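Everything on this sheet refers to the single structure shown next.
The values are calculated or read from the model by the stated rules, or taken from the named source; none is laboratory data. The model shown is predicted, which means the values in this text are computed figures rather than measured ones. Virtual Cβ from ideal backbone geometry, glycine too; neighbours counted across all protein chains shown.
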Amino acid sequence: MKAKLRQDIPNLESGIRDIEIWLTGQMLGHMDFLSLFSELSQRIDKTLFPLLRSHVTMRQIHPFIDHTDHTWYRDQALNSNSQPRPEGERLIWVKSPLYHMVENFIPEMRYDLTRPENVNLFPIFSEFAEKGATDYIAFLFPFGDIATAKKRSDGALSSWATDKEGGFTEQDVNVLRRLVSLFSVSARLHKREQTLDDVLAAYMGPLAGQQVMDGKNQRGDGEIIQAVIWICDLRGSSSLADKMEMPDYLALLNQFFEVMANAVMNEGGEVLKFMGDGFLAIFPTSKDNAISEAAAQAVTAAQRGGEALASLKTEARKLGYGIGIHHGDVMFGNIGARERLDFSVIGPAVNKASRLQDLTKALDVRILVSKAVAEQVNIPWHKYPAQKIPGLDEPIDVLTPL
């Protein structure tokens, strides 16, 4: 749609103030950053001056997402696109005006897109010109002190394009500087909240992270829940660590963790912690997830994890491991020192799952489950003679899937 000139605005300052008040209110309330960015762009286009396109991006502190781009076009829905961490610089990024801006730490950059020499500077400018863009301006707002912002790539990059005849006026540019400065505060708030969510989910797991965010952040905070406990351990890791170079050993260990942990998460389990060369996971049972369902998910995760590991084309396919699975009551909450806590599960059921995992070595099997789990899963089982487990007075029944 061809841009319409925003003429005869009775009071430009009043229009700008309305947007600033709205932005501030959004930041103090329950802020939906994507909706905020989209509505800000629409408000500028409809009430101040023609805006064809706007774009904002920020680096993320995330295990595999590098950043997320948010792009708005007039008469189109907002498009958000998360980019994975690349092995090297992506060509499309290197050839973008924002890359040039970041590399040279330029706080503001403007191009007249009616001039062919400018359109030819960056490939994306040709796309903008074809859509009728006449002017382009970008802003780099670092978060915090400059040195730290550069080191962490911490800040908001935004760009704004108009299809107004003659491009942005100096008044338009000054309005953008004013509004984008305030908008960048909302971007910083959003990034901090997003970082908190991402870090909690990556290092604690979504379920445990949500518990902390909901206020269970004091030592002793927690609740008794029922869960299927899943403990996995890599066999022969000490020998491997002695024989291999550390980077090679870590790469092998990460392949093992990725395959086995993905199997747990794909079946609805929650990985709570990695412990040396093993990890602890749970499949909580509740009204929405009966014991039989959680038990089946846990056993399926163990089987599919083993199959996925064996299918790898690397040395990881030869790795040995043991998995112990048990169901029972656990305390799910904060444990540890006053100033250094861990959100995990503890209790006799966890200890029993650990003992089952230890027993896989003696029985030379990869998966051992307790009777409490096996009787909930309708598959063929091999039942061993009752086994004596350290810490328990009576021998227990243990089974492995056939």
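Some notes on this structure:
- Tally of residues being of a type in the set (A, V, I, L, M, F, W, C), farther than 12 Å from Phe183 by Cβ and assigned to a helix (DSSP H, G or I) across segment 14-51: 5
- Of Arg317, Arg366, Arg304, Arg338, all but one fail to be in contact with a Phe, Trp or Tyr (Cβ under 7 Å, 6 or more places away or on another chain) and surrounded by fewer than 21 Cβ atoms within 10 Å (Cβ to Cβ); the exception is Arg366.
- Ala372, sole failed condition from (1) in a helix (DSSP H, G or I); (2) of a type outside the set (Ser, Thr, Tyr); (3) closer than 19 Å to Asp233 by Cα; (4) modelled with pLDDT under 95: (3)
- Pairs are defined by a Cβ separation below 7 Å, a sequence spacing of at least 6 or placement on different chains, a first member in segment 60-80 that is of a type in the set (D, E, K, R), and a second member that is part of a loop (DSSP other than H, G, I, E, B); the pairs so defined are Asp66/Gln60; Asp66/Arg85; Asp66/Pro86; Arg74/Met1; Arg74/Leu51; Arg74/Leu52; Asp75/Met1.
- Filtered residues of segment 174-212 (kept if β-branched (Val, Ile, Thr), more than 30 Å from Pro284 (Cα to Cα) and buried (at least 17 other Cβ atoms within 10 Å of the Cβ)): Val175, Val180
- With respect to the conditions (1) out of contact with any strand residue (DSSP E or B) (no Cβ under 7 Å at 6 or more places or on another chain); (2) surrounded by 16 or more Cβ atoms within 10 Å (Cβ to Cβ); (3) of a type outside the set (D, E, K, R), Ser238 lacks only one, and its number is (2).
- Among (1) polar (S, T, N, Q); (2) surrounded by fewer than 17 Cβ atoms within 10 Å (Cβ to Cβ); (3) modelled with pLDDT of 90 or more - the single one Gln297 does not satisfy: (2)
- Among all positions in segment 331-340, there is at least one residue which is assigned to a loop (DSSP other than H, G, I, E, B) and of a type in the set (Lys, Arg).
- Failed item in (1) touching a Leu at 6+ places or on another chain (Cβ under 9 Å); (2) without any contact (Cβ under 8 Å) to a residue 24 or more places away in the chain; (3) in the same structural domain as Met58 (by TED's automatic domain parsing), with Asn174 passing the rest: (1)
- Residue list for segment 84-94, restricted to those being loosely packed, with under 14 Cβ neighbours inside 10 Å and assigned to a loop (DSSP other than H, G, I, E, B): Arg85, Pro86, Glu87, Gly88, Glu89
- Of residues in segment 177-228 being of a type in the set (Gly, Ala, Ser) and touching a helix residue (DSSP H, G or I) at 6+ places or on another chain (Cβ under 6 Å), the one farthest from Glu293 (Cα to Cα): Ser186
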